[in-house]
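Notes follow once the structure below has been shown.
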Amino acid sequence: MKNVFSLRLILAKAVLSTSAQSAPQDLPAAQQFRAWLVAFNSGDRATLLHYLERNRPDSVAHLDDELDFRSQTGGFELKKIETSTAASFTAVVKERDSEQFARLEMEVEPEASHRIIKLGLRAIPTPAEFAIPRRTRKAPAAIRTRQPLGVQQLWFSALRGSDRKSHRSE
């Protein structure tokens with residue numbers, strides 16, 4: 001009985017210590033990422049300027065470049081958090097206006113302001129977990145060998161379930 005009580009006490013401590021730790025999205029770098037994403041995705045000059053003035057003042061001079069980049073990408077969608085610590089955040093994001101994926105890396109100051117000291121985006125191939133399944137059925141030999149158009153039409157008609165006689169000349 002005493003062993004069961006000790007085991008319960010140990011498990012309770014483990015649960016309490018785990019829940020007391022900050023979740024990755026609550027850490028300063030992750031909070032800064034979310035705030036940047038909202039400002040960037042807004043596409044609004046005043047919103048992005050206000051954000052940059054407070055959190056990344058060295059980028060204010062490049063505001064037009066950031067807005068041009070925003071118009072090219074349509075903004076970003078967070079797809080996956082790779083690492084999140086108090087001072088750094090790494091995630092996979094996807095452009096809203098294309099199928100392009102990127103890895104975003106952000107570092108913030110340790111001081112309470114947590115200003116961004118590094119923000120980088122690098123295009124990456126589509127991660128396997130987000131790949132769109134593709135059909136891999138091969139085209140029939142008649143198509144691959146570039147048969148005359150009439151033969152190709154008959155084959156496509158057969159695929160559609162059409163009557164082959166309707167395509168023959170009388």
Checklist outcome for this item: For 97-108, 68-79, 116-127, ranked highest to lowest by mean beta-carbon neighbours within 10 Å, the order is 97-108, 68-79, 116-127
Next on the checklist: Please enumerate, by chain and number, the aspartates and glutamates with C-alpha under 12 Å from the C-alpha of residue 118, excluding those fewer than 8 residues away in the same chain.
Outcome noted: 58, 105, 107, 109
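Summing +1 for each Lys or Arg and -1 for each Asp or Glu, what net charge is found among the other residues whose Cβ lies under 15 Å from the Cβ of residue 128?
On the way: positive: 79, 80, 94, 103, 134; negative: 82, 99, 129.
Counting the neighbours of residue 128, the net charge comes to +2.
A short reminder: the numbers here are calculations on the coordinates, not readings from a lab. Not measured: the values here are computed from a predicted model. Glycine gets a Cβ as well: all are built from the backbone with ideal geometry, and neighbour counts include every protein chain shown.
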